[in-house]
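The values are calculated or read from the model by the stated rules, or taken from the named source; none is laboratory data. Here the structure is a predicted model, which is why all the values come from computation and not from measurement. Don't worry about glycine lacking a Cβ; one is built from the backbone with ideal geometry, like all the others, and counts go over all protein chains shown.
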Amino acid sequence: MKVSGFTIVRNAVKYDYPVVESITSALPLCDELIVSVGNSEDETLSLIQSIPSSKIKIVLSQWDDRLREGGKLLAAETNKAKQQISSDADWCFYLQADEILHERDQNSIRQAMAQYLEDKRVEGLLFNYRHFYGSYQYVADAYNWYRKEIRIVRNDPHIFSWGDAQGFRFKDDSGNVRKLRVKLIDASIYHYGWVKEPQAQQRKQESFHKMWHDDEWMQKNIAKAQEFDYSRIDSLQHFTDSHPAVMKDRITRFHWQFEFDTTKSKMKWKYRLRRWMENNIGWNMGEYRNYELI
């Protein structure tokens with residue numbers, strides 16, 4: 001069984017992405033790992049080159065900043081990276097530059113890939129998600145955060161990155177597109193995209209939304225500020241588990257303090273109703289599924 005990882009990154013230093021930790025967390029599960037480095041305004045390329053692994057294959061990419069609708073640029077770059085994967089790979093393991101694997105999940109992930117290798121009904125593997133917000137002590141628990149997503153897919157040219165690169169789709173030879181058929185596995189993605197010092201988070205927001213919206217929308221909806229306002233979050237819970245070991249040094253260096261009263265949720269009433277139904281009858285009403293669970 002051959003596993004090829006792939007990821008895209010641009011301006012990782014400028015926007016403080018934990019991309020080294022992300023790549024390092026995936027390397028034990030991969031036979032090769034494609035890192036597509038976009039044209040950056042910082043030392044991103046040098047940062048990737050500094051990772052000591054012969055498994056890493058760096059490719060350079062010129063991002064088309066004219067693609068400013070629905071995050072299509074991210075999907076386009078993800079597909080370009082996927083195309084660099086070796087033809088003899090069985091599974092393709094995708095991580096975004098702020099997504100980390102916990103070392104305790106490695107065996108579960110490896111076993112799942114082996115278990116479903118010959119079961120061609122299974123086109124991808126689904127992970128649970130933990131979204132950290134404000135600091136490493138809080139996780140988002142409102143229903144507007146996706147709870148599961150596909151991060152391993154078969155090495156099939158019919159499978160491609162979809163939308164804003166959050167998930168994947170299958171396109172047959174006639175051009176028909178459908179969701180992937182997947183199995184949920186006992187593993188989680190630790191998403192740290194919302195844990196940055198306020199200045200870095202504000203810079204990221206001002207740049208990131210340009211991949212979804214035009215200048216007029218940006219002027220109306222993205223406030224000009226020196227720091228990001230983390231207080232606007234609706235609901236968080238304390239994180240009481242352990243972080244991936246690769247994050248230890250980064251967490252130690254993080255000195256900005258963020259506090260949130262987890263007893264005073266500002267979650268919308270429709271989400272509170274969903275929480276009640278999930279807790280009492282086990283039904284997550286209206287959950288968005290970017291996949292077909294089998």
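Within the range 130-159, the residues that satisfy the criterion of being of a type in the set (A, V, I, L, M, F, W, C) and surrounded by 18 or more Cβ atoms within 10 Å (Cβ to Cβ) are 132, 139, 140, 142, 150, 152, 153, 159.
With the condition kept exactly as written, say whether any residue in the range 87-102 is within 14 Å of the chain's Cα centre (by Cα), aliphatic (A, V, I, L, M) and more than 15 Å from residue 6 (Cβ to Cβ). The answer is yes, given that some residue of the range 87-102 is within 14 Å of the chain's Cα centre (by Cα), aliphatic (A, V, I, L, M) and more than 15 Å from residue 6 (Cβ to Cβ). Out of curiosity, is residue 248 at pLDDT 80 or above and either closer than 21 Å to residue 142 by Cβ or of a type in the set (Lys, Arg) (or both)? In short, yes. Scan the range 92-113 and give yes if some residue there is polar (S, T, N, Q), farther than 25 Å from residue 35 by Cβ, touching a strand residue (DSSP E or B) at 6+ places or on another chain (Cβ under 7 Å) and surrounded by fewer than 22 Cβ atoms within 10 Å (Cβ to Cβ), otherwise no. No, the conditions are met nowhere in the range 92-113.
Pairs meeting the criteria (first residue in the range 245-257 and over 24 Å from residue 28 (Cβ atoms), second residue among the polar types (S, T, N, Q), beta carbons under 9 Å, at least 6 apart or on different chains) are 254/135; 256/135; 257/135. Checking residue 60 against (1) surrounded by 13 or more Cβ atoms within 10 Å (Cβ to Cβ); (2) more than 16 Å from the chain's Cα centre (by Cα); (3) among the aliphatic types (A, V, I, L, M): exactly one of these is not met. Which one? Here residue 60 meets the rest and fails (1).
If the condition is being among the aromatic types (Phe, Trp, Tyr) and under 22 Å from residue 104 (Cβ atoms), then the range 185-217 contributes 190, 192.
Of the residues making up the range 177-213, those that are surrounded by fewer than 16 Cβ atoms within 10 Å (Cβ to Cβ) and of a type in the set (Val, Ile, Thr) number 1. As a summary of the residue check, residue 55 satisfies the conditions (1) at pLDDT 95 or above; (2) more than 15 Å from residue 7 (Cβ to Cβ) except for the one numbered (2).
Considering only the range 115-129, I want to know if a residue exists there that is surrounded by fewer than 21 Cβ atoms within 10 Å (Cβ to Cβ), closer than 23 Å to residue 292 by Cβ, among the polar types (S, T, N, Q) and at pLDDT 95 or above. Yes, because at least one residue in the range 115-129 is surrounded by fewer than 21 Cβ atoms within 10 Å (Cβ to Cβ), closer than 23 Å to residue 292 by Cβ, among the polar types (S, T, N, Q) and at pLDDT 95 or above.
For the condition acidic (Asp, Glu), modelled with pLDDT of 95 or more and buried (at least 17 other Cβ atoms within 10 Å of the Cβ), residue 43 does not qualify.
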